[in-house]
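Worksheet: one structure, shown below.
The values are calculated or read from the model by the stated rules, or taken from the named source; none is laboratory data. Please read all numbers here as calculations on a predicted model, not as lab measurements. With ideal geometry, Cβ positions are generated from the backbone for all residues, glycine too; neighbour counts draw on all protein chains shown.
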Amino acid sequence: MFYFISNLLLTQALPPTMQQETVVPQQTRPLPGQLDQVPVFNSNNPEVVKTEGILLSTFPPQGKRVPAAHLNFPFQGRFDLFSHHIARAIETPNDLRTLYLGVIVYNPGTRPVTVNVLQAASYLSQPDAPFVDLPPMQDNLLGNIYAGPGDRAMNEMLRGQRQKEWPTQLVIPPKESRMLMNHPIPVRSLNPPLNGRSTLLHLYSDGQVYMANLAMFAKSNPDGSERAPSLEEWQKLLENGDFAGPREKAPSPPNDLTGPEIYGRVAGVAQGSRWRSLLTDSGSLDLKIPQTGQAFSYGLSTLLAGKMGTGQSETAKLLVRYPGTAYEAHGNYGIEYNLVLPLINNTGAPQTVNVLFHTPVKEDNLSKPGLRFLQPPDPAILFRGTVRIQYNDDQGIPRTKYWHLVQHHGQMGEPLIQLRMPPGDRRLVKVDFLYPPDAAPPQMLTIQTLAF
């Protein structure tokens, strides 16, 4: 059984007689580099929101009715906001009110503070980005291929875009608050009444600010129509509200894993927005390609109980968190990976080299000397997102490819690129992606030299 509660996946594998396992012998390597120091406001607990309240607040607790709901963490300089929540009225079909997510920002200082919105993307699953069946690999140069709001939002952030409805700046007077986000998650016209919203913002503040993400149902106009809550109504909820509910199941203690692991959902401030990595051999500026017929892989978003034999967890640490929520930001949702591979063919013979993106069977220590794949893979989709790869082709022409990938548990990926490298040839390959919500780690980046 594969159980990853932080992505709401619970999938029973196919019977062994219907599914064959393939082991690809190879070395797995930890990913060089590390996460940067940028703090990330990470709001993902509860994922399904049914009652109004505080999803995540970094305000000071003084003067609040529920002090435990406020983590007292100010932001200044570069920081991110990640939010992923769902509205579901399946159990209450007579109550189809629109759920609003409100992000309120407060300036505690004595001068105005400007929050710059560097990049922004926020999408609903309906109608913006429905979960549709897609092939395992498609050219996504135009950016119009996606399945789910997290997939679409990460695709746009990868391209440096900002949704046009977002302001470029938010100016907050001293001792006052402003709404950075006041966005709906409608369910009334949907069958079933289920919808979700994924949001990622890259921000910069020239002074200290506190921030909170709140959940409130739409207010009613005199004619019965709905309206968004006002700043004053959001402030009242912030001051007097309790945690939004229902609360998610508590995570397994990280020092006492007895499986299946319950990672929990994140509500806190994580450390790290980007992982930059130069993949080279020890003591070298180059990365030697594997010998003919061999391969090696680097872990991507490895985590507790899923280090894939690398001994490395890439998971962002939490600077502050609510009790009962995830101990780390498992999945690294919204984190950007920038990987540089200075490949060299030092084998003395022409070689054909593949660069691949895989979702093998999740393990901590490898049970066999390589990566395990399933045929057919398990039904659970563990990755759907866009990966960018830049390189010089075999004619020396610079190329940029955007591949949209859909991978199930145990699925071997198709090559992102294939290079024909003569002896002594060097190729600089760059791989970039943002880890999307509605995915589950880990994945592997593989360099493979084909056998003749």
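See the values below:
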read-out	value
Hits in region 238-282 - residues which are over 17 Å from Pro441 (Cβ atoms), surrounded by 15 or more Cβ atoms within 10 Å (Cβ to Cβ) and hydrophobic (A, V, I, L, M, F, W, C)	Leu238, Phe243, Ala244, Ala267, Val269, Leu279
Matching residues in region 19-57 - criterion: being under 18 Å from the mean Cα position of the chain (by Cα) and in a loop (DSSP other than H, G, I, E, B)	Leu31, Asp36, Gln37, Val38, Asn44, Asn45, Pro46, Glu47
Residue that is nearest to Ala451 (Cα to Cα) [pool: residues in region 413-430 that are aliphatic (A, V, I, L, M) and surrounded by fewer than 20 Cβ atoms within 10 Å (Cβ to Cβ)]	Ile417
Qualifying residue in region 60-74 (condition: exposed (fewer than 15 other Cβ atoms within 10 Å of the Cβ) and among the charged types (D, E, K, R))	yes
Residues being loosely packed, with under 14 Cβ neighbours inside 10 Å and either under 17 Å from Thr446 (Cα atoms) or outside the structural domain of Asp438 (by TED's automatic domain parsing) (or both) - total across region 389-410	0
Some residue of region 350-357 being surrounded by 21 or more Cβ atoms within 10 Å (Cβ to Cβ), aromatic (Phe, Trp, Tyr), at pLDDT 95 or above and not assigned by TED's automatic domain parsing to the domain that holds Gly150	yes
Residue check for Glu226: assigned by TED's automatic domain parsing to the domain that holds Pro173, without any contact (Cβ under 8 Å) to a residue 60 or more places away in the chain, surrounded by 15 or more Cβ atoms within 10 Å (Cβ to Cβ) and more than 26 Å from the chain's Cα centre (by Cα)	no
Residue count, region 423-437 (criterion: touching a Ser or Thr at 6+ places or on another chain (Cβ under 8 Å) and part of a strand (DSSP E or B))	1
Per-region count, region 400-422, residues over 9 Å from Pro136 (Cβ atoms), assigned to a strand (DSSP E or B) and under 23 Å from the mean Cα position of the chain (by Cα)	7
Residue list for region 226-274, filter: modelled with pLDDT under 90, touching a Pro at 6+ places or on another chain (Cβ under 9 Å) and charged (D, E, K, R)	Glu261
Residues that are at pLDDT 95 or above and touching a helix residue (DSSP H, G or I) at 6+ places or on another chain (Cβ under 6 Å), drawn from region 330-345	none
Every residue from region 375-388 that is more than 23 Å from the chain's Cα centre (by Cα) and buried (at least 20 other Cβ atoms within 10 Å of the Cβ)	none
Any chance Ala89 is surrounded by 13 or more Cβ atoms within 10 Å (Cβ to Cβ), assigned by TED's automatic domain parsing to the domain that holds Gly207 and at pLDDT 95 or above	no
Scan of region 186-209 for residues that are crowded, with 22+ Cβ neighbours inside 10 Å and either among the aliphatic types (A, V, I, L, M) or more than 30 Å from Gln37 (Cα to Cα) (or both), ordered by number	Val187, Asn195, Leu200, Leu201, Leu203, Val209
Filter result for Ala212 (in the same structural domain as Thr110 (by TED's automatic domain parsing), surrounded by 14 or more Cβ atoms within 10 Å (Cβ to Cβ) and touching a Lys or Arg at 6+ places or on another chain (Cβ under 7 Å))	no
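Per-residue answers, yes or no, for (1) polar (S, T, N, Q); (2) more than 22 Å from the chain's Cα centre (by Cα):
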residue	(1), (2)
Asp256	no, yes
Tyr263	no, no
Gly272	no, no
Trp275	no, no
Leu278	no, no
Ser282	yes, yes
Leu285	no, yes
Gln291	yes, yes
Ser297	yes, no
